[in-house]
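Peer 1: Here it is: the structure, laid out below.
The values are calculated or read from the model by the stated rules, or taken from the named source; none is laboratory data. The structure presented is a predicted model; accordingly, all values stated were derived computationally and were not measured. Cβ: placed from backbone, ideal geometry, glycine included. Neighbour counts: every protein chain shown.
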Amino acid sequence: MPILSSIEIEKSYLHFSAAHFTIFSATNRERLHGHNWRIAVEITGEIGDDGLCFDYAIYKEILKDLCAKYDEYTLIPDQSPHLQITEDDEYYYIKHDGRTQPLLKTDTILMPVKNITIESLSQYFLSELTKDQRHLDELNIHAFEMRVSSGPNQWGISRWSR
């Protein structure tokens, strides 16, 4: 039976600023606004003969890159059943409840989620961390707990385990 330990990565640089709106229904959503989002992860792995679980600098770099990728963008869920998204060369046109909002493509990221919420983002970022099964096997990773915050003391948490 392997001996397991968890490493928690919650660094001050693991944050990004992004705009969004939460969609509540086909007729109700928040106005576009922004947050200073924070992310953190707890990773459980096997302690090796050398007393180490794994090189967690790998995951610090992945998390840092995720934050950089979404920093200073407007995030739009491209799988929402309540939005219709069209585009031309320069703009995305986001239609909700009969009203259309143009957003510059250069300032907008369409994300493969149903809503831009802490719970949806935690699940999305978790999927990014766990998509390479070979990497998980090599590092003997057993579990992840991905957390996303949109403000103090409020976290969306998603979990993965073998």
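Peer 1: If you check LYS69 against the conditions, is it in contact with a strand residue (DSSP E or B) (Cβ under 7 Å, 6 or more places away or on another chain), outside any strand (DSSP E or B) and not small (Gly, Ala, Ser)? Quick ask: steps written out before the conclusion?
Peer 2: Details: in contact with a strand residue (DSSP E or B) (Cβ under 7 Å, 6 or more places away or on another chain): no; outside any strand (DSSP E or B): yes; not small (Gly, Ala, Ser): yes.
No.
Peer 1: Of the conditions (1) hydrophobic (A, V, I, L, M, F, W, C); (2) over 26 Å from LEU4 (Cβ atoms); (3) in contact (Cβ under 8 Å) with a residue 60 or more places away in the chain, VAL113 fails just one. Which one is it?
Peer 2: Of everything listed in (1) hydrophobic (A, V, I, L, M, F, W, C); (2) over 26 Å from LEU4 (Cβ atoms); (3) in contact (Cβ under 8 Å) with a residue 60 or more places away in the chain, VAL113 misses just condition (3).
Peer 1: Search region 77-95 for residues that are within 20 Å of ARG31 (Cβ to Cβ) and pair each with any residue that is among the aromatic types (Phe, Trp, Tyr) and buried (at least 16 other Cβ atoms within 10 Å of the Cβ) when their beta-carbon atoms are under 9 Å apart and the residues are at least 6 apart or on different chains.
Peer 2: Partner pairs satisfying both residue conditions: ILE85/TYR92.
Peer 1: Can you tell me which of SER120, SER80 is of a type in the set (Gly, Ala, Ser) and either exposed (fewer than 12 other Cβ atoms within 10 Å of the Cβ) or part of a helix (DSSP H, G or I) (or both)? So that I can check it myself, show each step before the final result.
Peer 2: Details: SER80 fails: either exposed (fewer than 12 other Cβ atoms within 10 Å of the Cβ) or part of a helix (DSSP H, G or I) (or both).
None of the other options fit; the residue is SER120.
Peer 1: Follow-up. Which residue out of LEU75, LEU63 is in a helix (DSSP H, G or I) and crowded, with 17+ Cβ neighbours inside 10 Å? Steps first, please.
Peer 2: On the way: LEU75 fails: in a helix (DSSP H, G or I).
Among LEU75, LEU63, only LEU63 is in a helix (DSSP H, G or I) and crowded, with 17+ Cβ neighbours inside 10 Å.
Peer 1: Let me ask something else. Given ALA18, ALA57, ALA40, which one is at pLDDT below 95 and either in contact with a Lys or Arg (Cβ under 9 Å, 6 or more places away or on another chain) or small (Gly, Ala, Ser) (or both)?
Peer 2: Working: ALA18 fails: at pLDDT below 95; ALA40 fails: at pLDDT below 95.
The match here is ALA57.
Peer 1: Looking at region 1-22 only, could you name the residues that are touching a residue at least 12 places away in the same chain (Cβ under 8 Å) and under 19 Å from GLY151 (Cβ atoms)?
Peer 2: Filtering region 1-22 down to residues touching a residue at least 12 places away in the same chain (Cβ under 8 Å) leaves 2-11, 13-22.
GLU10, LYS11, TYR13, LEU14, HIS15, PHE16, SER17, ALA18, ALA19, HIS20, PHE21, THR22 - these are the residues of region 1-22 that are touching a residue at least 12 places away in the same chain (Cβ under 8 Å) and under 19 Å from GLY151 (Cβ atoms).
Peer 1: Now for a different question. Which number in (1) touching a residue at least 12 places away in the same chain (Cβ under 8 Å); (2) on the phi < 0 side of the Ramachandran plot marks the one condition that GLU72 misses?
Peer 2: GLU72 satisfies every listed condition except (2).
Peer 1: Can you tell me how many residues in region 136-161 are aliphatic (A, V, I, L, M), touching a strand residue (DSSP E or B) at 6+ places or on another chain (Cβ under 8 Å) and free of Cβ contacts under 8 Å to residues at least 40 places away in the same chain?
Peer 2: At the first step, the residues of region 136-161 found to be aliphatic (A, V, I, L, M) are 136, 139, 141, 143, 146, 148, 157.
In the following step, the residues that additionally are touching a strand residue (DSSP E or B) at 6+ places or on another chain (Cβ under 8 Å) were identified as 139, 141, 143, 146, 148, 157.
Restricting the remaining residues to those that are free of Cβ contacts under 8 Å to residues at least 40 places away in the same chain gives 157.
Looking only at that region, the number is 1.
Peer 1: Could you grab me the full set of residues in region 128-153 that are surrounded by 14 or more Cβ atoms within 10 Å (Cβ to Cβ) and among the small types (Gly, Ala, Ser)?
Peer 2: If the condition is that a residue be surrounded by 14 or more Cβ atoms within 10 Å (Cβ to Cβ) and among the small types (Gly, Ala, Ser), then ALA143, SER149, SER150 are the ones that fit.
Peer 1: Pick from ILE3, ILE58, ILE47: which is surrounded by 13 or more Cβ atoms within 10 Å (Cβ to Cβ) and either more than 19 Å from SER158 (Cβ to Cβ) or of a type in the set (A, V, I, L, M, F, W, C) (or both)?
Peer 2: Working: ILE3 fails: surrounded by 13 or more Cβ atoms within 10 Å (Cβ to Cβ); ILE58 fails: surrounded by 13 or more Cβ atoms within 10 Å (Cβ to Cβ).
Sole residue among the options that is surrounded by 13 or more Cβ atoms within 10 Å (Cβ to Cβ) and either more than 19 Å from SER158 (Cβ to Cβ) or of a type in the set (A, V, I, L, M, F, W, C) (or both): ILE47.
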